[in-house]
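Trainee: Please find one structure pasted underneath; my questions will follow.
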Amino acid sequence: MPDNKHTKIPDIKQLIDQLLKIPSISCTSPEIDQGNIHIINLLADWFESLGFHCVIQALEHDENKANLIATLGHGNNGLVLAGHTDTVPLDEALWQVDPFKATEKNDRFYGLGSCDMKSFFAIIIEALKSIDLKKINQPLIILATADEETSMSGAKAIAKHANSLGINNARFAVIGEPTDMQPVRMHKGMMMEAIQLVGQAGHSSDPALGNNALEAMHKVISELLNWRDELQSKYTNPLFEVPVPTMNLGHIHGGDNPNRICGSCELQIDIRPLPGMKLSDLRSEMQRRLNRVLQETGIQLKTIPLTDGFEAMDTDRHSEIVQLAEKMTNTESQVVAFGTEAPYYNGIGLETIVMGPGNIKQAHQPDEYIEMKSLMPATDIIRKLIFHYCL
Ligand SMILES: [Zn+2]
């Protein structure tokens, strides 16, 4: 057995239990948001005792939030194993078990974050226990992020400072989101925008007294639907269950009275672009088209991103990590319907796949769980990846 100094490191059940015991809910409402700093400190403790060099990167906007960058080994051909440490909020009344510990039942571990995705860190540590870490000769970098469930500000901060954090010493990345250990190389992007129109209110009996924002919104909606048709005929990808980019008109509010000219109107839309479509291009194209249809109407237009959104993920089918993971798991790489931090890691030049234990169906659900029988096969694949890239 390798002589790793991991006397401080508990067994895998204890690892999962300790991670679940530290609540780390991310939420856009400040009353619910908890920060992740305590879980980052715990992980840093464990990885330090395994000999990793640990950097805790505080996030600028919140002192309770941080990323962990834990590195072992030197070189420029290494591997990143990445995951988020935050969870979604929960409705405790819907839970049959305590969400803040690992409850062992039906050959599963139940608890908030068990599947999405605290168990992945336990698996990495479990894999490391059986490796002679003195033999690591390419960097193995563990990234544990904050705020994936809300703004992805953790992954953004890592991408922004990738050079000084030494992350470009790796060439490949695996994000351990729940995919039943099937390699994933593509997902759609997401953007949500508010379109605000301001005209002029006035008495309904004389249209000349005002400028109707609701009627202007009619022009906007027609233009958006035309644009959607164009996008859907220009971009298709048969790998996705919904093979075209989508645009949903999800919320509208305007005016206050039938006998008043509508002074202002707001529409909120959601766009899910395919790989190859950039959010910044979509935003400027939308602006250009809406400016054109509202020209000479006297209506003021404002478009506001409701979230930062995220880009589509697109890692080449022929990239080395995709090929290797397909071979190791004996599964063809997949596309998924959920978003991840992968576009940020692809953006800094890492060839990235998403592959982790657990099923996304259990994520964000009451009584979230991970099957115990999924843990050892996942540990084995992570161990093999470390061997392949870092030893
Ligand atoms: Zn997740």
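FYI, it's all coordinate maths here, none of it is from the lab. The structure presented is a predicted model; accordingly, all values stated were derived computationally and were not measured. No Cβ is skipped: glycine too gets one built from the backbone with ideal geometry, and neighbour counts run over all protein chains shown.
Trainee: Which percentage, to the nearest 5, of the DSSP beta bridges contained in the chain is antiparallel?
Mentor: 70
Trainee: Right, something else. Where Lys and Arg each count +1 and Asp and Glu each count -1, what net charge lies around Leu20 among other residues with Cβ under 15 Å from its Cβ?
Mentor: -3
Trainee: With +1 on each Lys and Arg Cβ and -1 on each Asp and Glu Cβ, how big is the dipole of the chain about its Cα centre, in debye rounded to the nearest 20? Write out the running numbers ahead of the final one.
Mentor: Working: 34 positive and 50 negative charges, 191 e Å.
The dipole magnitude comes to about 920 debye.
Trainee: Something else now. With N residues in segment 223-264, what two-decimal value do you get for its Cα radius of gyration over 2.2 N^0.38 Å?
Mentor: Against the empirical 2.2 N^0.38 Å value, I get 1.81 for segment 223-264.
Trainee: Report the residue, chosen from Pro30, Pro99, Pro305, that carries the largest GNM mean-square fluctuation when the chain is represented by alpha-carbon nodes joined by springs under 10 Å.
Mentor: Highest fluctuation among the options: Pro30.
Trainee: While we're on this one: Tell me, in nm to one decimal, what length is gained between His318 and Asn330 on full extension, where the rule is 0.36 nm per residue of separation less the Cα-Cα distance? Write out the running numbers ahead of the final one.
Mentor: Values: separation 12, 0.36 × 12 = 4.32 nm, distance 1.54 nm.
Extra length available between His318 and Asn330 comes to 2.8 nm.
Trainee: Would you calculate the separation in nanometres between label points at Phe387 and Asn163, each defined as 7 Å from the Cα along the Cα-to-beta-carbon direction?
Mentor: Placing both labels 7 Å beyond Cα along the Cβ direction yields 3.7 nm.
Trainee: So how far apart, in nm, are the two label points at Thr246 and Leu214 if each is 7 Å from Cα heading toward Cβ?
Mentor: With each label placed 7 Å out from Cα toward Cβ, I get 2.9 nm.
Trainee: For Phe109, what charge total do you get from the other residues with a beta carbon under 14 Å from its beta carbon, if Lys and Arg give +1 and Asp and Glu give -1? Could you put the intermediate results ahead of the total?
Mentor: On the way: positive: Lys13, Lys21, Lys101, Lys105, Arg108, Lys118, Lys373; negative: Asp11, Asp17, Asp98, Glu104, Asp107, Asp116, Glu126, Asp367, Glu368, Glu371.
My count for the surroundings of Phe109 gives -3.
Trainee: How much length would be gained if the chain were fully extended between His364 and Gln232, taking 0.36 nm per residue of separation minus their Cα-Cα distance, in nm to one decimal?
Mentor: Gain on stretching His364 to Gln232: 44.5 nm.
Trainee: Using DSSP to call loops (not H, G, I, E or B), can you name the GluC sites (Glu not before Pro) in segment 248-308 whose Cβ has at most 15 other Cβ atoms within 10 angstrom?
Mentor: Here the GluC sites (Glu not before Pro) that fit, given the DSSP loop and packing criteria, are Glu296.
Trainee: Can you tell me the alpha carbon radius of gyration of the chain divided by the globular rule-of-thumb value 2.2 N^0.38 Å?
Mentor: That ratio works out to 1.13.
Trainee: How much of the calculated P(r) for segment 233-391 lies past 29 Å, in percent of all Cα pairs? Provide the component values of the computation, followed by the final result.
Mentor: On the way: 5145 of 12561 pairs.
Cα-Cα pairs in segment 233-391 separated by more than 29 Å: 41 percent.
Trainee: Provide, in order from the shortest bin, the percent of all Cα-Cα pairs of segment 196-305 in each 5 Å bin, continuing until the bin that contains the maximum pair distance.
Mentor: Using 5 Å bins, I get a P(r) of 2, 11, 21, 20, 16, 11, 8, 5, 3, 1, 0 for segment 196-305.
Trainee: What is the Cα centroid distance between segment 66-100 and segment 361-386, reported in whole angstrom?
Mentor: Distance between centres, Cα-based: 13 Å.
Trainee: Among the listed pairs Lys21/Lys156; Lys156/Lys188; Lys134/Lys156, give every one whose C-alpha distance is greater than 25 Å.
Mentor: Numbers: Lys21/Lys156 27 Å; Lys156/Lys188 18 Å; Lys134/Lys156 32 Å.
In this structure, Lys21/Lys156; Lys134/Lys156 exceed 25 Å between Cα atoms.
Trainee: Take the alpha-carbon centre of segment 167-186, take the same for segment 295-316, and report the distance between them in whole Å.
Mentor: 28
Trainee: Say R0 is 22 Å: what FRET efficiency, to the nearest 0.05, do Asp45 and Asn137 get from their beta-carbon distance?
Mentor: Step by step, r from the Cβ atoms, then E = 0.30.
Trainee: Sticking with this one: Can you tell me which of Glu48, Glu149, Glu341 moves the most in a GNM of the chain? Springs connect C-alpha atoms under 10 Å apart.
Mentor: Largest GNM mean-square fluctuation: Glu48.
Trainee: Related question: Between Asp206 and Leu225, how many nm apart are label points set 7 Å from Cα along the C-beta direction?
Mentor: 3.4
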